[in-house]
Amino acid sequence: MQNQVTVYSTTTCPYCDMMKNFLDQQNIPYTNVDVQKDPIAAKRLVETTGQMGVPQTNVNGQWVLGFDPNRVMELLQK
């Protein structure tokens, strides 16, 4: 099965950069959604997760809040 990974981020968030760099280093393809430029996605994200912080990463339908590479890898192994 193809993994689906989406990172919700902003351009000013160092942890967002860390998450995207981690995924790049692991050769894990992902979609980036810049919630600064997409207020509809930002609103939907808060409604879905109840969290306003970034990064938030959706891995195969499961949410990872913040920079948590171990949790991302754990979800990708399932």
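The values are calculated or read from the model by the stated rules, or taken from the named source; none is laboratory data. Computed from a predicted model, the values in this text were never measured in an experiment. Cβ: placed from backbone, ideal geometry, glycine included. Neighbour counts: every protein chain shown. The accessibility values were calculated without ligands, DNA or RNA, using every heavy atom of the protein model including side chains. Shrake-Rupley method; radii C 1.70, N 1.55, O 1.52, S 1.80 Å.
Observations
- Count of the stretch 5-23 residues which are under 17 Å from D38 (Cβ atoms) and open to solvent by 80 Å² or more (accessible area, probe 1.4 Å): 2
- Residue in the stretch 16-25 that is more than 10 Å from the chain's Cα centre (by Cα) and in a loop (DSSP other than H, G, I, E, B) present: no
- Where P39 falls short, out of the listed (1) under 20 Å from L75 (Cα atoms); (2) open to solvent by 60 Å² or more (accessible area, probe 1.4 Å): (1)
- The stretch 26-44: number of residues that are among the β-branched types (V, I, T) and in a helix (DSSP H, G or I): 1
- Any hit, the stretch 23-33, residues being in contact (Cβ under 8 Å) with a residue 40 or more places away in the chain and touching a strand residue (DSSP E or B) at 6+ places or on another chain (Cβ under 8 Å): yes
- Positions within the stretch 45-61 being closer than 24 Å to Q77 by Cα, of a type outside the set (A, V, I, L, M) and outside any helix (DSSP H, G or I), in sequence order: P55, Q56, T57, N58, N60, G61
- From the options Q56, Q26, Q62, residue that is open to solvent by less than 60 Å² (accessible area, probe 1.4 Å) and modelled with pLDDT of 95 or more: Q56
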